[in-house]
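Please treat every number below as a calculation from the coordinates, not as lab data. Fair warning: this is a prediction, and the values are worked out from it, not measured in the lab. Reconstructed Cβ throughout: ideal geometry from the backbone, glycine too, with neighbour counts over all protein chains shown.
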Amino acid sequence: MNITKSHPRYLSLKTRDKIVEGVEKGITSINGLIAHGRGEAFDYLIGEKTQKFALEAIETAACLLLSSKHPVISVNGNVAALCPKEIINLAKAIPAKLEVNIFHPPKKREKAISSYLKKHGAKEVLMPEKPLVKYIESNRRFCNPEGIAKADVVFVPLEDGDRCRALEKMGKKVITVDLNPLSRTSKTASITIVDNIIRALPLLTKTIKKYKKIKNKLILKNKIKKHNNKKILKQALKYISKSFS
Ligand code: PTJ
């Protein structure tokens, strides 16, 4: 679609194009279009800007990822289509492994996502191999023994709630990006960044670089300790309800 920058919905339309392209390339599930629409609706309600509650969560997420021994970034069809370079930059900055994990069939989409990430500069992309995620029966239970199976912290942006809960039950910490503060994922994760992934990823990478320079690791630990995900979600909901008055 030929969209001029002067169009008031330029960014939103460009982003939609990326998701549509993702479907056409066999990277994104057709269901991903619905998920994107839901995200758009919530983005409207938070003013299509990164709000304070997201910035606070990004700060703690950066601290947790840097304090982790084995951080893994889970990539699905929406994330790959929307921000391939940004997710690779994040993985490099931490550093963390990238692993493909999808919910919807067909399974051949897993390879398409991996190839797409490699085309954008990823050196290594782990693939789901064994059903090692307990408590769930969907395709999301497949993971890599050297990746999510081993991870202590898993970054799962734009997720559905089941695996998030399963990973937490397995003793892992989960960080998510979800525009919907009411979703099961948002409520179950240790840290929820209520923001559009397009805005959140560059900010998270920037924050990681900032915290990497800090020698006193206690500062990071204290930030993680103080984090209250429920409070963050309440702030997001309060912001949304205020936008109605
Ligand atoms: O590639 P697959 O098969 O793994 O499927 C990926 C999707 C996203 C389709 C799948 O995980 C799914 O169905 O997710 P849900 O249950 O629709 O949840 C996705 C959540 O992400 C929703 O709460 C949306 O509001 C939110 N969301 C959508 N787009 C964005 C977003 N959050 C942040 N940034 C977005 N751009």
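Of the peptides 79-90, 134-145, how do they stack up when ordered by the mean number of other Cβ atoms within 10 Å, highest first? Working shown, then result.
Working: 79-90: 22.5, 134-145: 16.9.
Those peptides, ordered most packed to least, come out 79-90, 134-145.
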Output the antiparallel fraction of DSSP beta bridges having both residues in the chain, as a percent to the nearest 5. 10
Taking 0.36 nm per residue of separation and subtracting the Cα-Cα distance, what length does fully extending Glu124 through Leu13 add? 36.8 nm
The stretch 1-80 and the stretch 142-184: distance between their alpha carbon centers, rounded to Å: 17
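Between Glu24 and Leu182, 0.36 nm times their residue separation minus their Cα-Cα distance comes to what? Display every interim value, and only then the final one.
Numbers: separation 158, 0.36 × 158 = 56.88 nm, distance 3.02 nm.
That works out to 53.9 nm of additional length.
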Percent breakdown of C-alpha pair distances by 5 Å bin, ordered from the shortest bin, for the stretch 87-154: 4, 18, 26, 25, 18, 8, 1
Sticking with the crude label model, points 7 Å out along Cα→Cβ, report the distance from Leu218 to Glu40 in nm, one decimal please. 5.0
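What net charge do the residues around Lys69 carry, taking every other residue with its C-beta under 15 Å from that of Lys69, with Lys and Arg at +1 and Asp and Glu at -1? Write out the running numbers ahead of the final one.
Working: positive: Lys97, Lys150, Lys172, Lys173, Lys217, Lys221; negative: Glu146, Asp152.
So the surrounding residues net to +4.
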Contour minus end-to-end for Lys69 and Lys242, with contour as 0.36 nm per residue of separation and end-to-end as the Cα-Cα distance? 58.3 nm
In the stretch 154-245, trypsin sites (Lys or Arg not before Pro) in a DSSP loop with at most 15 other beta-carbon atoms within 10 Å: Lys213, Lys215
Between rounded, prolate and oblate, where does the chain land on the alpha carbon gyration tensor, with a ≥ b ≥ c its root eigenvalues, rounded for a/c under 1.5, else prolate if a/b exceeds b/c? rounded
